[in-house]
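Supplied in C-alpha cells, the structure appears directly below.
The values are calculated or read from the model by the stated rules, or taken from the named source; none is laboratory data. Being a predicted model, the structure only gives us computed values, none of them experimental. Heads up, the Cβs are rebuilt from the backbone with ideal geometry, glycines too, and the neighbour counts pull from every protein chain shown.
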Amino acid sequence: MDSLKVTSNLKVTSNLKVTSKMQQLARDVRHLSDQLAVCTRCGMCQANCPLFAQTHKEADVSRGKLALINGLMDEMFDDAKGVNERLQKCLLCGSCAHGCPSNVNVVEIFLKARAIITQYLGLPFAKKLIFKKILSNPETFNSIMGMVASFQKIFFKKQDNLQGTSCARIASPLLRHRHIVPLKESPFNKTLDDLDYRVKAKGIKVAFFVGCLIDKAFPNIAHSVVDVLKHFNAQIFIPSHQGCCGIPAIASGDIKTFEVLVRTHVELFSKEKFDYLVTACATCSSTIIKLWPSLLKHLDKDLLRQVEVLAEKTVDISWLMEKRFDLSLAILDKDPDKERKGKIITYHDPCHLKKSLGVFKEPRLVIQACGHKLKEMKDSDTCCGMGGSFNLQYYDISSKIGQVKAQNIMDTHCSIVATSCPACMMQISDMLAKHNQSILVKHPVEIFSEALFANSKS
C-alpha cells in the first residue's frame, strides 16, 4: 500500500509540474495577444498561401495556425508539440501577410511563437548541436563547411547540366530525389585574406554582408558584387569572419543563437562608418531589416539602436545599383546603330524581396540595362517552394510547388532565369535539372557584371 501511495504521489507531482509548465507557456504566448487580435479570420490567406494550394488543409494556412496559437494562449489544449509541428510546416514566405487586408504580421507572430514553444519543449539534439556549437561561431562554421566541401565528391556525383547540380551516390531518404547545388571548394571568405577590397575610391562607402549561401555555394555572386561596386568607384568594407544572418536559428525557435549572431555582426560592422549595408540575398536583407530589430526588443538600448541603424542602412544590391548608379552609361553602347545580341531572360521575384521589402522593379532594370530582353513569366512573384528548412522536412510538397515555378519558367523559352535569392536559385536549379533543361540560373548582379566585362572587351 505504501508503494502505491508513493507511485500515486509521484504521478500527481508530475502532472502538477506539466500543468505548471503549460500555464507558464500560456502566459508567455499571451504576449502575442495584441498581434493575434488583428486577425479577423477572413480567410484571404487561403487564396495566397502556396502550401494551402497543395494540401487544402485549414491547419496549413495561417488562419488555422493562428487559431492553434490562440488555443495555447487560452489553455484550450496542452499539445504544445503538435502546435509546434504545425507552425514548422510553413514556408515563411509572407504571402499571407502580403495579401492580408488587416495587415497581420504573420511571419513575426509565427517566429515569436516558435521561440516561445521551443523554450518550453527544448531544441532537438541535432539542431542544438548545429546552432549552438557550429552556426553561432562563424569561424567554426566556416571551417566545418570547408571540410564538407572537400569531401562532398565522395557522396555526390556531378550531373551533366547547366545548373551545375549534383546527386547523391547513395539512396538516402533525405537526398535521393534532389539535385543539389554543391558547395564551392573556394568560398568567398577565403579570398578576403588574399585580396584587398578596401578600394581607395571617392564614391559612396558600402559595407557588404555576404551571407552563408553566397559565400559557400555561390561565391561568384559575391565577386560580381565587388566588381560592380569597384566599377562605380564605391568604397568597399567587407569585414572578415562574417557568419549567418540568423534566419535558420530563429526559424527553428532558437532565439539565443539568433541573438548571438546579431551581436557578432553588430560588432563587426560597427568598426567602420559607411553609407549602405548591401546584401545580394533577399532573405538576409529581409532578416536584417525586419527581424533583427523586431525580434530583439529586449536588448539594451545602445545595442538595439545599433541594430536599428544597421537595419536602416541595409539595401539589396539591385536597389543600390538602380538608385545610386547610372546603369545605362555603364553598359549600353552609345552607338544606336550597333546591333546588340541580348538574351531572353525571365525573373523570379523572391518572396522576401518583393513581398517583404517591396523591391521588384530594380532587379528588372538591372537586367534590362545589360541589353537583354526581359520576358515575364506567369506568376513571377509566387513562392518557389524552398522555404529553408521547410525544403528539408517537407521536400515532396516543396517539390510540387517548385515544379509549378519551373513550368512557368520553361514556358517563357528563356535561356536564363534570374532571381535575387541564393535559396531560390538552389530550388529552381533543382527543379530545372529534373526536367533536363538548358536554362542557366543567375543573380541579376552576375548578369550585370558579365555585361560589364563583355562591354570592356568589345
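Collect the residues in the range 230-251 that are in contact with a Ser or Thr (Cβ under 7 Å, 6 or more places away or on another chain) and either closer than 16 Å to Ile116 by Cβ or not assigned by TED's automatic domain parsing to the domain that holds Thr287 (or both), keeping them in residue-number order.
Within the range 230-251, Ala249, Ala251 qualify.
Okay, next question. Out of Phe209, Phe218, Phe232, which single residue is more than 30 Å from Arg86 (Cβ to Cβ), of a type in the set (Phe, Trp, Tyr) and at pLDDT below 95?
After applying the criteria, what remains is Phe232.
Looking for whichever is assigned by TED's automatic domain parsing to the domain that holds Glu312, without any contact (Cβ under 8 Å) to a residue 60 or more places away in the chain and out of contact with any helix residue (DSSP H, G or I) (no Cβ under 7 Å at 6 or more places or on another chain) here; the options are Val226, Val266, Val262. Which one fits?
Unique residue meeting the criteria: Val226.
Condition test on Ala433, is it touching a residue at least 40 places away in the same chain (Cβ under 8 Å), under 19 Å from Trp319 (Cα atoms) and outside the structural domain of Leu183 (by TED's automatic domain parsing)?
Judged against the criteria, Ala433 is not a match.
Quick one: count up the residues across the range 358-403 that are among the β-branched types (Val, Ile, Thr) and within 20 Å of the chain's Cα centre (by Cα).
Counting residues in the range 358-403 that are among the β-branched types (Val, Ile, Thr) and within 20 Å of the chain's Cα centre (by Cα) gives 4.
What is the residue count in the range 62-115 for residues that are in contact (Cβ under 8 Å) with a residue 40 or more places away in the chain, among the small types (Gly, Ala, Ser) and within 20 Å of Gly387 (Cα to Cα)?
7
Out of all the residues in the range 434-441, is one or more assigned to a helix (DSSP H, G or I) and not β-branched (Val, Ile, Thr)?
Yes: the range 434-441 contains one or more residues that are assigned to a helix (DSSP H, G or I) and not β-branched (Val, Ile, Thr).
Taking only pairs six or more apart or across chains, which ones have beta-carbon atoms under 6 Å, a first residue in the range 129-147 that is farther than 21 Å from Lys184 by Cβ, and a second residue that is modelled with pLDDT of 95 or more?
Here the result reads Phe131/Ala249; Phe131/Asp254; Phe131/Thr257; Lys132/Thr257; Ser136/Thr257; Ser136/Val260, each pair linking the range 129-147 to a residue that is modelled with pLDDT of 95 or more.
Now for a separate question. Go through (1) touching a Leu at 6+ places or on another chain (Cβ under 8 Å); (2) not in a loop (DSSP other than H, G, I, E, B) and name the single condition Cys90 misses.
Evaluating Cys90 over (1) touching a Leu at 6+ places or on another chain (Cβ under 8 Å); (2) not in a loop (DSSP other than H, G, I, E, B) leaves (2) as the failure.
Could you list all residues from the range 124-136 that are part of a loop (DSSP other than H, G, I, E, B) and either out of contact with any helix residue (DSSP H, G or I) (no Cβ under 7 Å at 6 or more places or on another chain) or of a type in the set (D, E, K, R) (or both)?
Pro124
Which one of the conditions (1) modelled with pLDDT under 95; (2) out of contact with any Cys (no Cβ under 8 Å at 6 or more places or on another chain) does Phe156 fail to meet, given that it meets all the rest?
Condition not satisfied by Phe156: (2).
Mind checking which helices (runs of 4 or more DSSP H) fall wholly inside the range 360-422 and carry at least 2 residues that are surrounded by 15 or more Cβ atoms within 10 Å (Cβ to Cβ), touching a strand residue (DSSP E or B) at 6+ places or on another chain (Cβ under 9 Å) and not basic (Lys, Arg)?
By residue number, 361-368, 395-410.
Let me ask something else. Taking the conditions exactly as written (part of a loop (DSSP other than H, G, I, E, B), of a type in the set (Asp, Glu) and over 22 Å from Phe453 (Cβ atoms)), does Glu259 satisfy them or not?
No.
While we're looking at this one, here's another question. Among Glu139, Glu85, Glu108, which is the only one that is part of a helix (DSSP H, G or I), farther than 23 Å from Trp292 by Cβ, within 22 Å of the chain's Cα centre (by Cα) and of a type in the set (Asp, Glu)?
Glu85
So is Ser224 modelled with pLDDT of 95 or more and either farther than 30 Å from Ser415 by Cα or not aliphatic (A, V, I, L, M) (or both) or not?
yes
When the residues of the range 260-286 are narrowed to those that are over 24 Å from Gln235 (Cβ atoms) and either in contact with a strand residue (DSSP E or B) (Cβ under 9 Å, 6 or more places away or on another chain) or of a type in the set (Lys, Arg) (or both), which ends up surrounded by the fewest Cβ atoms within 10 Å (Cβ to Cβ)?
Ranking the candidates gives Arg263 first.
Mind checking which helices (runs of 4 or more DSSP H) fall wholly inside the range 269-334 and carry at least 1 residues that are under 19 Å from the mean Cα position of the chain (by Cα)?
282-286, 292-295, 301-313, 317-324
Within the range 217-248, track down each residue that is under 23 Å from Leu261 (Cβ atoms) and part of a loop (DSSP other than H, G, I, E, B).
Correct list: Ala217, Phe218, Ile238, Pro239, Ser240, His241, Gln242, Gly243, Cys244, Cys245, Gly246.
Looking only at the range 392-429, which residues are out of contact with any Asp or Glu (no Cβ under 7 Å at 6 or more places or on another chain) and among the hydroxyl-bearing types (Ser, Thr, Tyr)?
Those that are out of contact with any Asp or Glu (no Cβ under 7 Å at 6 or more places or on another chain) and among the hydroxyl-bearing types (Ser, Thr, Tyr): Tyr394, Tyr395, Ser398, Ser399, Thr412, Ser415, Thr419, Ser429.
Please specify each residue of the range 4-50 satisfying the condition of being aliphatic (A, V, I, L, M) and either at pLDDT below 80 or touching a Leu at 6+ places or on another chain (Cβ under 8 Å) (or both).
Those that are aliphatic (A, V, I, L, M) and either at pLDDT below 80 or touching a Leu at 6+ places or on another chain (Cβ under 8 Å) (or both): Leu4, Val6, Leu10, Val12, Leu16, Val18, Leu25, Ala26, Val29, Leu36.
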